[in-house]
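Beneath this line is the structure, given in structure tokens, with notes to follow.
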Amino acid sequence: RVPWVDDKGEIQVNRGFRVQFNSAIGPYKGGLRFHPSVNLSIIKFLGFEQIFKNSLTGLPIGGGKGGYDFDPKGKSDNEIMKFCQSFMTELYRHIGPNVDVPAGDIGVGGREIGYLYGQYKRIRNANDQGVLTGKGLTYGGSLARTQATGFGIIYFVEEMLKEAGKTINGQTVVISGAGNVAIYAVKKAQELGAKVVAMCDSSGYIFDEDGIDLPLVQQIKEIERKRIKEYAVRKPSAKYFEGNKGIWTVKADVVIPCATQNEIDLNDAKIIVENGTFAVGEGANMPCTNEAEQYFLEKGILLAPSKAANAGGVATSALEMTQNSMRLSWSFEEVDEKLHGIMVNIFKNTRDAAKEYGFEGNYLVGANIAGFIKVADAMMAQGIV
Ligand code: NDP
Ligand code: 2IT
């Protein structure tokens, strides 16, 4: 139970979860999600995925996830702070730099991590900086963590395309979502020469045939915290369409879902294939339903599975923990270079595991196998405990 008092002086009670799934290869590690849809089932699926994702990074982190059925939309900074403080007042006893290290996810970014960290430090009376990742740069955060998930997805997709003799340069791309992951996926895709033409939030999508103006999206989403609809008001070449499904009707060579789970179902997958898309990179956690994934594979679409493609965020969280332990900060370029190397490795391990087990080209199976083996080996080596 997470009780707090809103700006009107009324008592609110939310429900929080933290699932510590597996610590065979390191402290439990995974994000916190603030969204009204959060329930135990969602946190368990995310925690289970996180075990194998974290294993794929090659870094010593176990798997966990947390969340709260709190809706941050429309809340004041003061309400967010009150909620975060109340929640940490319970959570603190379950976490620690060598026990369980939460970070952000949907609805949890730098502002929330700051309030959570402040309350943890106040209760513990210690600067255990490695207890949370995604911290601000002034108190132990890592450069490039904000960008890491989105950049990492594009690094992985580029490796997958290279393997198929292609590149993202010159491709038309659709990226769903307009949050942390989507924004930095757009940035890196554009840097590598792609044209991103559509983004969305849960209310609707924007289409801009001139290509998305990312600084404008960042102004609207990161600074003003407004809806993506606002983009079309300010950009004459853009159109806004209500509804969160229409984005899949936009023609693209490469589609990168970065909003939430199950956002692409079989019907959407059929439209995407019909439109001539040849690659799908899962940026969100499990954005395609099972049926949609199987359909893509049947049709020979290149599919980058989420637990491999979006592992750059948590990998960079582990680099943040390393810097906290070493009591130093690496430069942006240093962290980004390490992130790039990690994503290239994840791609290779995924590709090779698929091949070794008779599923050549099926990166979905490859990522599951490569992630699983390390965890299983570590558990067996540690005996019956
Ligand atoms: P944010 O809260 O920053 O952004 C989420 C975005 O997705 C918002 O634009 C939101 O729109 C949109 N969205 C949420 N639900 C829906 C929906 N049902 N239909 C359409 N759009 C929707 O979260 P993140 O960018 O951090 O996370 C996005 C995804 O990436 C999640 O699946 C998360 O688990 C995953 N992920 C995040 C990592 C990270 O480091 N942050 C790391 C790895 C994976 P609205 O404002 O309308 O809610
Ligand atoms: O789903 C994820 O990998 C995240 N939300 C990031 C987790 C982390 O600990 O950085």
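The values are calculated or read from the model by the stated rules, or taken from the named source; none is laboratory data. Since this is a predicted model, take the numbers as computed values, not measurements. With ideal geometry, Cβ positions are generated from the backbone for all residues, glycine too; neighbour counts draw on all protein chains shown. In case anyone asks, the SASA skips ligands and DNA or RNA and just uses the protein heavy atoms, side chains included. Shrake-Rupley method; radii C 1.70, N 1.55, O 1.52, S 1.80 Å.
At 1.4 Å probe size, what's the solvent-accessible area of Asp210? Round to the nearest 10 Å².
110
For a protection proxy built on the mean count of beta-carbon atoms within 10 angstrom, sort 169-178, 236-245, 111-120, 279-288 highest first, please.
Highest-to-lowest ranking by the protection proxy: 279-288, 169-178, 111-120, 236-245.
Any chance you could check the Cα centroid distance between segment 154-180 and segment 237-257 for me, in angstrom?
So the two Cα centres are separated by 16 Å.
Pull up the DSSP beta bridges for segment 119-265 and report the antiparallel fraction as a percent, rounded to 5.
Bridges in segment 119-265 are about 55 percent antiparallel.
Keeping every protein chain present and rolling a 1.4 Å probe, give me the accessible area per residue for segment 1-94 in Å².
42
What residues qualify as long-range amide H neighbours of Gly281, i.e. H under 5 Å apart, gap of 5 or more or another chain, H built at 1.01 Å from N?
Val255, Ile256, Ala304
Quick one: grab Rg to one decimal and Dmax as a whole number for segment 39-138, Cα atoms only, in Å.
For segment 39-138, the Cα radius of gyration and maximum Cα-Cα distance read 13.7, 39 Å.
Can you pull the semi-axes for segment 167-253, root of five times each eigenvalue of the Cα gyration tensor, sorted largest first, whole Å?
Taking √(5λ) for each Cα gyration eigenvalue gives 18, 15, 11 Å.
By average Cβ neighbour count within 10 Å, what is the ranking of 125-138, 26-39, 214-227, 339-352 from highest down? Spell out each step's value before the answer.
Details: 125-138: 18.0, 26-39: 22.6, 214-227: 14.9, 339-352: 20.4.
In descending order of packing, they fall as 26-39, 339-352, 125-138, 214-227.
In terms of solvent-accessible area of protein heavy atoms at a 1.4 angstrom probe, what is the ranking of Trp330, Trp4, highest value first?
Trp330, Trp4
Looking at the square roots a ≥ b ≥ c of the eigenvalues of the Cα gyration tensor of the chain, which shape do they give, rounded for a/c under 1.5, prolate if a/b is larger than b/c, or oblate?
Oblate is the answer for the chain, as a/c is 1.5 or above yet b/c matches or exceeds a/b.
With all protein chains present and a 1.4 Å probe, how do Phe17, Phe296, Phe207 order by accessible area, largest first?
Phe207, Phe17, Phe296
Excluding same-chain pairs closer than 8 in sequence, count the lysine pairs in segment 59-193 whose Cα atoms lie under 29 Å apart.
24
Less than 11 Å Cβ to Cβ from Gly371, Lys/Arg counted +1 and Asp/Glu -1: what total charge do the surrounding residues give?
+2
Which order do peptides 305-315, 366-376, 91-101 fall in by mean Cβ count within 10 Å, highest first?
My ranking of the peptides, most packed first, is 305-315, 366-376, 91-101.
Hey, what do the phi angles of segment 238-251 turn into as Karplus ³J(HN,Hα) couplings, whole Hz, using 6.51/-1.76/1.60 and θ = phi - 60°, x for Gly and Pro?
9, 10, 10, 10, 5, x, 9, 10, x, 4, 6, 8, 6, 5
Count the net charge of all other residues whose Cβ sits under 15 Å from the Cβ of Tyr205, scoring Lys and Arg as +1 and Asp and Glu as -1. Intermediate values should be presented prior to the final figure.
Details: positive: Lys221, Arg227, Lys229, Lys235, Lys239, Lys245, Lys251; negative: Asp201, Asp208, Glu209, Glu230, Glu242, Glu263, Asp268.
Here the count lands on 0.
Accessible area of the chain with a 1.4 Å probe: how many percent of it is carbon plus sulfur?
Result for the chain: 51 percent of the exposed heavy-atom area is carbon or sulfur.
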